[in-house]
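The next block holds one structure in the form of structure tokens; read it before the comments.
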Amino acid sequence: MFASCADPETLSGLSWLICYLTTGKHIAFYWAFGTVLLLLAVTAPVALAFGFGGAMAARSRVAPLSWLGKGYIAIVRGVPDIAFFLFFVIALDQGIEWLRHKAKCPDWDQPIRQGNDFIVCAEAKMPLSSSAQWVHEVYGFWLAVFTFALVFGAFAANVLYGAMRAVPRAQTETAEAYGMSRAQVFRRVIVPQMWVYALPGLSNLWMVLIKASPLLFLLGVEDIVYWARELGSTKTPQFTAYPHGDWRMWYFLFLLVFYLGFTRISEIVLDRIMQRLTHGQATLGSHKRTGPIGMNKAGPP
Amino acid sequence: MKTLILTTAALALTAGAALAESHSQTVRLGTEGAYPPYNFLNDAGEVDGFEREVGDELCKRAELTCEWVTNDWDSIIPNLVSGNYDTIIAGMSITDERDEVIDFTQNYFPPAASAYVAPSEDVDLMSGVVSAQATTIQAGHVADSGAALLEFATPDEAVAAVRNGEADAVFADKDFLAPIVDASGGELMFVGEDVALGDGIGVGLRESDGELRETLDAAIQSMKDDGSLNELLVKWFGEETQTFE
């Protein structure tokens, strides 16, 4: 990166370290932090939307819709994450390619499954095998977002489903007495008040989501844990200008600090949100955040 | 969510269509990127090593456009058969077990020796703890030898296990271990006899990809015939390495 780094063997101490920490590989490592943060930033709202949809479906009066919502919550919550990430993504990818194959290559006469192989016509490949590597990476990233959102959406749905039922009956009863319809009660009374009951559960989910980001590597996205392992492994002088021993401990220590710092910042922000949400509301949360939420009775404190 | 998928699909389609016109066929080459000198990531983060040079030369001779992709060793075969890339060029020895699932070209690396490396001479290789990379021919050999097998996802972790005393010895390709032994300054050494395993290293392909297999087979043959493959072998593995006749 710097001109002085042209011959690393002559360097020592700090200048060696600066050159070492700015190799192309390390730059890729730093970018991977951006990938992880972007994944979290995109996944959280999408998962929340999945959760909201799931919770609304689960409390629907239409039986099939309710079964759908409850089924989604029960099935996705019950399947181990790692099985989900290994199986579901390959199935989703092949499903997309199969649909494109049906639409684009109606004249194809060979079977799609040949022994172990999954074969679709070249035009149906997703992304096309002639696409640049970054297109493959973007596609992999969105598969990851979708999978994370689906898994965490099920947990969020359960949290929101509980939160919607935790809004005091007296509140909805009053709304009904004013002549509001079921939809109006939901929109005007339940949704604005449920967040305070949902937030502790949702903040837990956010923390778990942060820590689940290393699962990205299972999906083929080169995340920070992959790079930490690759960069930290022993490097012999033949194959690098910067040979070193087993430095994985230092790289993982750095990741530890990153994750701890990130979860701590999240806690502070979530605390602020909690204070704002409970403003003027008769819950324990508005007085002291440490108290258990949801055990309060309706009425003045 | 639907819009998300659609936008991605549209993005991939337009980008793909633009590229598809300029190249007739793109072959994606899958590798591990953690097995020097066969394949590794250099300081710039690009795939480098013996197999990088062989792969690039094969593509040139076969007039293919090639793209390198790295993938975890554990899932390198499943991702090939589900079509994420088209070949495996990752120091994968040709064995009967693998041949049942995927196809191989002729070997571009002669049947090579595997060796044990340990911190001292007096290690019991037949009943001690021996580390190896998971799902390799070396791991299979250790399991059959009667020693306790300790498997790791990457070859580097298998070596690290010996350094920190978790395993008595590591068993891997001799050409992979040689630079590590050289650089260890006497801390690690080869012990016991070398073991010949497998039928050499070939390019792994889907069984349904007969055409690509023939193309690459011909390209490997032409590299063997004009001696350029031997030059690369000597360049990356030293003067004493085995070469093709």
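Side notes on the structure shown:
- When B:CYS59 is tested against (1) within 20 Å of B:GLN106 (Cβ to Cβ); (2) part of a strand (DSSP E or B), exactly one condition is not met: (2).
- Unmet criterion (only one of (1) outside any loop (DSSP other than H, G, I, E, B); (2) surrounded by 15 or more Cβ atoms within 10 Å (Cβ to Cβ)) for B:THR243: (1)
- Flag for A:SER266 being more than 30 Å from B:PHE50 (Cβ to Cβ), touching an Asp or Glu at 6+ places or on another chain (Cβ under 9 Å) and in contact (Cβ under 8 Å) with a residue 60 or more places away in the chain: no
- Some residue of the stretch A:137-159 being surrounded by fewer than 19 Cβ atoms within 10 Å (Cβ to Cβ), assigned to a helix (DSSP H, G or I), more than 14 Å from chain B (Cβ to nearest Cβ) and not aliphatic (A, V, I, L, M): no
- Of the numbered criteria (1) part of a helix (DSSP H, G or I); (2) free of Cβ contacts under 8 Å to residues at least 12 places away in the same chain; (3) of a type in the set (Asp, Glu), the one A:ASP93 fails is (2).
- So A:PRO64, is it part of a loop (DSSP other than H, G, I, E, B), more than 26 Å from the chain's Cα centre (by Cα) and at pLDDT 80 or above: no
- Selection count, the stretch B:173-221, where residues are among the charged types (D, E, K, R) and within 30 Å of B:ASP122 (Cβ to Cβ): 7
- Matching helices (runs of 4 or more DSSP H) fully within the stretch A:182-280 where at least 2 residues are within 13 Å of chain B (Cβ to nearest Cβ) and touching a Leu at 6+ places or on another chain (Cβ under 7 Å): A:224-232
- Selection from the stretch B:164-188 of residues that are within 12 Å of chain A (Cβ to nearest Cβ) and part of a loop (DSSP other than H, G, I, E, B): B:ASN164, B:SER184, B:GLY185, B:GLU187, B:LEU188
- Among the residues of the stretch B:18-54, those identified as facing another protein chain (nearest Cβ under 8 Å) and modelled with pLDDT under 75 are B:LEU19, B:ALA20, B:HIS23, B:GLN25.
- Total residues in the stretch B:80-102, condition buried (at least 18 other Cβ atoms within 10 Å of the Cβ) and outside any loop (DSSP other than H, G, I, E, B): 6
- Residue match in the stretch B:148-163 (condition: assigned to a loop (DSSP other than H, G, I, E, B) and among the β-branched types (Val, Ile, Thr)): yes
- Subset of the stretch A:104-124 that is more than 7 Å from chain B (Cβ to nearest Cβ) and touching a residue at least 12 places away in the same chain (Cβ under 8 Å) - its residue that is farthest from the chain's Cα centre (by Cα): A:TRP108
The values are calculated or read from the model by the stated rules, or taken from the named source; none is laboratory data. Just so we're clear, the structure is a prediction, and the values are computed from it rather than from any experiment. Neighbour counts are summed over all protein chains in view; Cβ atoms, including those assigned to glycine, are modelled from backbone coordinates with ideal geometry.
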